[in-house]
Structure formats: structure tokens, C-alpha cells
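Undergrad: Below is a structure I'd like to ask you about.
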Amino acid sequence: MATESELPLVHASRPGTVESNAPAVVLIHGRGTNERDLLPIGAQLPEELHVLSVRAPQPMDGPDSYTWYDLDLSGGGLHASQPDAEGFRRSLDLVHEFVEAATAAYDLDPERIGLLGFSQGSITSLSALLERPDAYRWVVALNGYLAASHESEAENAAGKPVFVGCGSMDQVIPPARAESAAETLEAGGVDVRFETYDVGHGTTPAEITDVIEWTRERY
């Protein structure tokens, strides 16, 4: 059994109020930040949840800056980018391994673990769910899209609840990409809630309020 210090990803932890067999959420940050980036959102989630915020494995230039994968820009630049296949595979495997090890190390309920991701973390969270739908209870995907490598797998997560949120003025990941992800997931039978907010590549208080309320009904 892995101990907390032996888990495959550096992370921050906020124990919930449930001491044994606890529900949990894994926060997955975006490109160029670190495990502390989403903690303000994690602090507002239901207090029963054990919050685990993970750090991407690949350092970038600049202090405390990490990425989950490099970008494949061959499709037409940033607005049409896709995850680099090798880096994406590595990160998905690490997320799966982390969740499995953390479940044992922190005494989590394996049937009540959700993922909440922003940007690259959103893309990673959606693909992780489609690869292992039995491992994750729900997903919140903010300002991201569904990777082309996993678009055909939407039916794998039929019935799973997914919150897809995006900024109407997002110039990094166009809102149309998030909407397309929601439509593809819904066509596969996923229980999707899709919302657009008046913001760029970021979140708003209204969005976080919606996420908190949605999460509270599903963990």
C-alpha cells in the first residue's frame, strides 16, 4: 500500500469531515500553473469531500510552472490544438495511478471520487472518465474540450454526470470547442450540464456557485 509521500504525483490535500471511506475530488490544474492553482475552488466545495489537488509532471520555464503535456499545433494553431499523444498518455496514466494509490493511502471511497479540471486539466479529466468510467463518479470540466483521441469513446461514460463550463469570451480555447464536447458526450448518453459564462479563459463567481451546487447533489 502506497503512503502519502509515495504517491505518483505531487499534490496538496485537504481532508474532509468524513474520516473513513471518504468521498473525494481530484483537482487537475491547467497549463503553466501548479497544484495550488485550484485550491481556492477546492476550499468552497462540500466540506465532506477530501480534496486532492495534483501537480502536472512536466516542468515549464518559470517558477512553479508545470504542464500535463505539450501542444500539437499541426491542426491549425492554438485554437485547434490537441494534446501531444506521448505526453497525454503519460499524464492520463499518472492520474489513474494517483487516484488508485490515493484511494488506499487516504482511505477514500473508490465509488465516490470525482475529477475537477480547468483547461488542460479539463481535457485530461474528460479523457480519464472515458477511459475508466468505473473509477470516477463525476467530472467538472471547465474551459476545455474533448480530445480527438477520445471522441469516439463517449458511450463508455453513459449515465455519468458531467458539468461542462466555458467562457463566452475565451480566446485560448474557443467556447465552441467546449460546446462540441458537451454535444458529443450527450450523444453518447452522458448526463451533461453545459453552461456558458461571461468571461475569458477563467472562471466567474457565478460559475463556481453553480459547480458547488451541482457537486453537492452528486458526490
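The values are calculated or read from the model by the stated rules, or taken from the named source; none is laboratory data. Just so it is clear, the structure is predicted and the values come from calculations on it, not from any experiment. A quick note on method: Cβ atoms are made from the backbone with ideal geometry, for glycine too, and the neighbour counts reach across all protein chains shown.
Undergrad: Please tell me if SER119 is buried (at least 16 other Cβ atoms within 10 Å of the Cβ), closer than 20 Å to THR215 by Cβ, within 16 Å of the chain's Cα centre (by Cα) and hydroxyl-bearing (Ser, Thr, Tyr). I'd like the intermediate steps shown before the answer.
TA: Values: buried (at least 16 other Cβ atoms within 10 Å of the Cβ): yes; closer than 20 Å to THR215 by Cβ: yes; within 16 Å of the chain's Cα centre (by Cα): yes; hydroxyl-bearing (Ser, Thr, Tyr): yes.
Yes.
Undergrad: For region 106-116, which residues satisfy the criterion of being surrounded by fewer than 18 Cβ atoms within 10 Å (Cβ to Cβ) and either outside any loop (DSSP other than H, G, I, E, B) or not charged (D, E, K, R) (or both)?
TA: Initially, region 106-116 is screened for residues surrounded by fewer than 18 Cβ atoms within 10 Å (Cβ to Cβ), giving 106-107, 109-111.
Matches in region 106-116: TYR106, ASP109, PRO110, GLU111.
Undergrad: Then there's this: Looking at GLU100 and the list (1) modelled with pLDDT of 95 or more; (2) over 18 Å from HIS11 (Cβ atoms), which single condition is not satisfied?
TA: (2)
Undergrad: Still on this model: Quick one: in region 64-85, which of the residues that are polar (S, T, N, Q) and farther than 14 Å from ILE173 by Cβ is surrounded by the most Cβ atoms within 10 Å (Cβ to Cβ)?
TA: We begin by selecting, within region 64-85, every residue polar (S, T, N, Q); these are 65, 67, 74, 81-82.
Those still in the list that are farther than 14 Å from ILE173 by Cβ too: 65, 67, 74.
Working: SER65: 14, THR67: 20, SER74: 9.
Result: THR67.
Undergrad: Of everything in region 124-162, what is closer than 22 Å to GLU217 by Cα, among the aromatic types (Phe, Trp, Tyr) and buried (at least 24 other Cβ atoms within 10 Å of the Cβ)? Give them in sequence order.
TA: The one that is closer than 22 Å to GLU217 by Cα, among the aromatic types (Phe, Trp, Tyr) and buried (at least 24 other Cβ atoms within 10 Å of the Cβ): TYR136.
Undergrad: Okay, next question. Run down ALA104, ALA128 and say which single residue is small (Gly, Ala, Ser) and touching a helix residue (DSSP H, G or I) at 6+ places or on another chain (Cβ under 7 Å). Break it down into steps so the answer makes sense when it comes.
TA: On the way: ALA104 fails: touching a helix residue (DSSP H, G or I) at 6+ places or on another chain (Cβ under 7 Å).
Within the list ALA104, ALA128, the selection yields ALA128.
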